[in-house]
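Presented below is the structure to which this report refers.
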Amino acid sequence: AQKITQTQPGMFVQEKEAVTLDCTYDTSDQSYGLFWYKQPSSGEMIFLIYQGSYDEQNATEGRYSLNFQKARKSANLVISASQLGDSAMYFCAMRGLTGANSKLTFGKGITLSVRP
Amino acid sequence: GAGVSQTPSNKVTEKGKYVELRCDPISGHTALYWYRQSLGQGPEFLIYFQGTGAADDSGLPNDRFFAVRPEGSVSTLKIQRTERGDSAVYLCASSPGTHAGTQYFGPGTRLLVL
């Protein structure tokens, strides 16, 4: 079984500043992938970044980076130089990378509001 | 290229009616997933297709829910005898294969059962 925990109820950040969104996970899988998705008010889930459990380096994609701490089972998303368009819900998710089951397990999400 | 598309974008129905929700995945993607997202929650897995077959339907809540993907491309999620508790956003995602690639989501269908 897999579990994602996102406990921050809502986050506020000033435009152009950096923000960290927390995610902890639990799994019995030895090999797994961690994902972050953005969901603006329009509703579409937009893929942001991926981290494999065996990747030695933290993933980065433009202004997004993933602070992966395997021993702590955490996969925090860091957004640098926040923009107004970053205001949205952010979901952390994971799936196993072995076996036949590749479904994603999501957390409850975090609301990010960027202030001008 | 075109992303995942879903129709209709919104569906209002009455309790007890039958509804069909359609998903058109990214061309060439063999894996297709359905999720359900209730208000204030993250998406929850319903069913996964690899090609034409349902590889995992463990997330379907009961036998009123059924999904097909007859030609390995477009999928239809079917809900019989709808209940008010079925109201949610139904999201479809596709990926290139079982363990390769990220799941890319469509815009969802907002279902409201009155």
* With labels modelled as points extended 7 Å from the Cα through the Cβ direction, what inter-label distance (nm, one decimal) is found for A:Ser28 paired with B:Glu83? -> 2.9 nm
* To do: Check cross-link reach from A:Lys38 to the lysines: straight Cα distance under 22 Å, and skip same-chain residues fewer than eight apart.
  => A:Lys3, A:Lys16, A:Lys73, A:Lys103, A:Lys108
* To do: Report, as an integer, the average count of C-beta atoms from other chains found within 10 Å of each Cβ along A:102-111.
  => 6
* Asked: How big is the accessible area of A:Val78 in square angstrom, nearest 10, if you roll a 1.4 angstrom probe over the protein chains?
  -> 40 Å²
* For a label point 7 Å along the Cα-to-beta-carbon line of A:Thr7, residues of the stretch A:15-51 with backbone N under 15 Å -> A:21-26
* Asked: With every protein chain left in place, what is the accessible area per residue of the protein assembly as shown in square angstrom, probe 1.4 Å?
  -> 47 Å²
* **Set of lysines near B:Lys17 by C-alpha distance (under 17 Å), chain-local residues within fewer than 8 positions excluded** => B:Lys78
* Accessible surface of the stretch A:43-94 [probe 1.4 Å, protein heavy atoms]: carbon and sulfur percent -> 47 percent
* To do: Give me the distance in nm between label points sitting 7 Å out from Cα along the Cα-to-Cβ direction at A:Tyr64 and B:Val12, one decimal.
  => 3.4 nm
* Volume per residue, Å³, of the convex hull around the alpha-carbon atoms of the stretch B:1-54? -> 120 Å³
* **Computed E for B:Arg64/B:Gln41 - FRET, C-beta separation, R0 30 angstrom, nearest 0.05** => 0.90
* To do: Assuming R0 = 30 Å, can you tell me the calculated FRET efficiency for the pair A:Tyr50 and B:Glu71, based on Cβ-Cβ distance, to the nearest 0.05?
  => 0.55
* Structure fact -> Expressed in µm² per second, the diffusion coefficient of the protein assembly as shown from the Stokes-Einstein equation, with Rh the Kirkwood radius over alpha carbon pairs, at 25 °C and 0.890 mPa s, is 135 µm²/s
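Within the accessible area of chain B, what % is carbon and sulfur when the probe is 1.4 Å and the other protein chains stay in place? Please report the intermediate quantities before stating the final value.
Working: 2610 of 5260 Å².
Whole-percent figure for carbon plus sulfur exposure: 50.
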* Farthest toward the dipole's positive end in chain B, which of B:Phe45, B:Thr30, B:Gln6, given Cβ charges of +1 (Lys, Arg) and -1 (Asp, Glu) about the Cα centre? -> B:Gln6
* Asked: Between A:Glu15 and B:Arg22, what is the spin-label point distance in nm, taking each point 7 Å from the Cα along the Cα→C-beta axis?
  -> 4.2 nm
* Under the Kirkwood approximation applied to all pairs of distinct alpha-carbon atoms, what is the hydrodynamic radius of the stretch A:44-115 in Å? -> 13.6 Å
* **Phi-based couplings in Hz for the stretch A:70-83 (Karplus 6.51, -1.76, 1.60; Gly and Pro marked x)** => 5, 5, 8, 6, 10, 9, 7, 9, 10, 10, 9, 6, 3, 10
* Per residue of B:34-43, count partner chain C-beta atoms within 10 Å of its C-beta, then hand back the mean as an integer. => 4
* Once amide H atoms are built 1.01 Å from N in the peptide plane, which residues 5 or more positions from B:Asp56, or in another chain, come under 5 Å H to H? -> B:Tyr48
* Just the number, please: buried accessible area between B and A, total of both chains, 1.4 angstrom probe, nearest 100 square angstrom. => 1700 Å²
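The values are calculated or read from the model by the stated rules, or taken from the named source; none is laboratory data. Predicted model, so just to flag it, every value in this text is computed and none were measured. Backbone-built Cβ (ideal geometry, glycine too); neighbour counts: all protein chains shown. With ligands, DNA and RNA removed, areas are computed over all heavy atoms of the protein, side chains included. Shrake-Rupley method; radii C 1.70, N 1.55, O 1.52, S 1.80 Å.
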